[in-house]
1. What is the distance, in nm, between label points placed 7 Å from the Cα along the Cα-to-Cβ direction at Lys37 and at Asp67?
2. What is the extension gain from Asn137 to Arg48, computed as 0.36 nm multiplied by their sequence separation minus the C-alpha to C-alpha distance, in nm to one decimal?
3. How big is the antiparallel share of DSSP beta bridges in segment 71-214, given as a percent to the nearest 5?
4. Give me the net charge of Lys100's neighbourhood, meaning all other residues with Cβ under 13 Å from the Cβ of Lys100; Lys, Arg count +1, Asp, Glu -1.
5. For segment 52-183, what is the accessible area per residue in Å² when the probe is 1.4 Å?
6. Please state the shape class of segment 94-164: rounded when a/c is under 1.5, otherwise prolate if a/b exceeds b/c and oblate if not, all from the C-alpha gyration tensor.
7. Grab the beta carbon distance between Glu128 and Ala203, set R0 = 45 Å, and tell me the FRET efficiency rounded to 0.05.
8. With a ≥ b ≥ c the root eigenvalues of the C-alpha gyration tensor of segment 97-214, is it rounded (a/c under 1.5), prolate (a/b larger than b/c) or oblate?
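The values are calculated or read from the model by the stated rules, or taken from the named source; none is laboratory data. On a predicted model such as this, the values are computed, not experimentally measured, just so you know. Quick reminder, even Gly has a Cβ in these numbers, built from the backbone with ideal geometry, and neighbours come from all protein chains shown. Just the protein is used for accessible areas: all its heavy atoms, side chains included, with ligands, DNA and RNA removed. Shrake-Rupley method; radii C 1.70, N 1.55, O 1.52, S 1.80 Å.
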Amino acid sequence: MKKFLVLGVLFLLPIVAYLFFSSGINNFAKLPVLTEKVKDIRDLENNRDTIVSFQNKINIVAFFGNDLAALKGNTFNLDKKILEKFYKFDDFQFVIILPKEAKPKALQFVSEFNNITNSDYWSFVYAEPSEIKDVFNSFKTNLELDSNLQTPYVFIIDKDSNLRGRDDEEEGTLYGYDSRSVSELGNKMNDDIKVILAEYRLALKKYNSKLNKK
């Protein structure tokens, strides 16, 4: 009996190890910093009673421009594959950057999504076109905003206002995640957010350990 048990373990262990390590390319490394100190949004108008800032938050940032209706499907994908898993984290926020003229559309946008998600967690930031371009350009990506000041790509900004992403085997440097792609959101982006959350948990654990030793 022991002989069969040992043989079974020896047979299964390599398979289990392979599945574990192949579940995410970034699971055992820090998520790369692609751009340091992007432009903050703390001075821009928002829909909150407090300042909205990239600082001290793990941010999912979207530039949804003037044509919000065109991005309903993208937003649904993003919400179901990413956002609803992390809404309850105090240090996590979803920031949508829009032109000021899109404010009425934003209110309608939220109203339409209230039946399928908790859009109360969404932070809207309103700015002039030049200000939106300044923020986007500070990310220093290989992507562009279209004429409506929007892009289907969403971005991870960490607590120090750094743009995070990955060195992807398929696409090279991945600055943003395509919200049109359920696969990219559910696999790559979901994996990368878990990595950055693990980073901060580990840092907090080390900090608390040092305090306890004093």
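1. It is 3.7 nm.
2. On the way: separation 89, 0.36 × 89 = 32.04 nm, distance 2.46 nm.
Extending this stretch completely gives an extra 29.6 nm.
3. Values: 7 of 13 bridges.
So the antiparallel bridges amount to about 55 percent of the total.
4. Details: positive: Lys103, Lys105; negative: Glu45, Glu101, Glu128, Glu131.
So the surrounding residues net to -2.
5. Numbers: 5770 Å² over 132 residues.
Dividing the accessible area of segment 52-183 by its residue count gives 44 Å².
6. On the way: a/c = 2.07, a/b = 1.39, b/c = 1.49.
Note, shape of segment 94-164 comes out oblate.
7. On the way: r = 36 Å, r/R0 = 0.81.
The computed FRET efficiency comes out at 0.80.
8. Details: a/c = 1.77, a/b = 1.51, b/c = 1.17.
It is prolate, given that a/c is not under 1.5 and a/b is the larger ratio.
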